[in-house]
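Read-outs: derived from the displayed coordinates by stated rules, not from any lab. Model, not experiment: these values are computed from the prediction. Positions of Cβ are backbone-derived with ideal geometry, glycine not excepted, and every protein chain shown enters the neighbour counts.
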Amino acid sequence: MKICVKLRYVGHTHRAISHRFSQIFTQIFTDCRLHQHFSDMANEKPHYHDLVYAVTKAIPRGRVTTYGAIADFLALGASRMVGWALHQNLAGVPAHRVVNRLGELSGRHHFHTPTLMQELLESEGVQVVDSKVVDFQKHFWHPVEGLGEDWEFKG
């Protein structure tokens, strides 16, 4: 089977084009006899949310990391993808330990109360002043430090 998809780039943002391509691709394979085969192949790789949660769960108490450090470690390309995954707010995922590149609690408004992120960090011994981690470099933990460069997801 030969599939040819032609997209017009003029006047569209990258996100709109990517979304439209995703819609076209999904429709083609939903209608295709090979749908089950491709679905089985897709299930072999973990979803990026699962990868983000696994790395976030590995952050030790009293330490913090950044959205960008997780994104770089997982080769996701964008720290916003990490923020989006953590925004889903699953129980057991210590999302309060992930801050922006300046040590600011930029995700604090996504918690049940705006002060909960700070309270959780302070209960682990991380001092926060004006929504920013004090002595950020001292508390910073990079995923390579704890998981190693050859880490593999075991779901």
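Phi-derived couplings, Karplus 6.51 cos²θ - 1.76 cosθ + 1.60 at θ = phi - 60°, listed residue by residue for the range 47-55: 6, 4, 4, 4, 5, 4, 5, 4, 5 Hz, with x used for Gly and Pro. A cut-off of 5 Å between modelled amide H atoms, ignoring neighbours fewer than 5 places along the same chain, links Phe140 with Val64. Arranged from fewest to most other beta-carbon atoms within 10 Å of their beta carbon, Ser79, Ser131 become Ser131, Ser79.
Less than 5 angstrom separates the built amide H of Val128 from those of Val134, all sequence-distant by 5 or more or on a different chain. Applied to the range 140-151, the Karplus parametrisation 6.51 cos²θ - 1.76 cosθ + 1.60 on θ = phi - 60° returns per-residue 3J(HN,Hα) values of 5, 10, 9, x, 4, 4, x, 9, x, 6, 9, 4 Hz, with x for Gly and Pro.
Summarising the amide proton neighbourhood of Val93: residues at separation of 5 or more, or on other chains, whose placed amide H is nearer than 5 Å comprise an empty set. Sorted ascending by nearby beta carbons within 10 Å, beginning with the fewest, Val144, Val55, Val129 become Val129, Val144, Val55.
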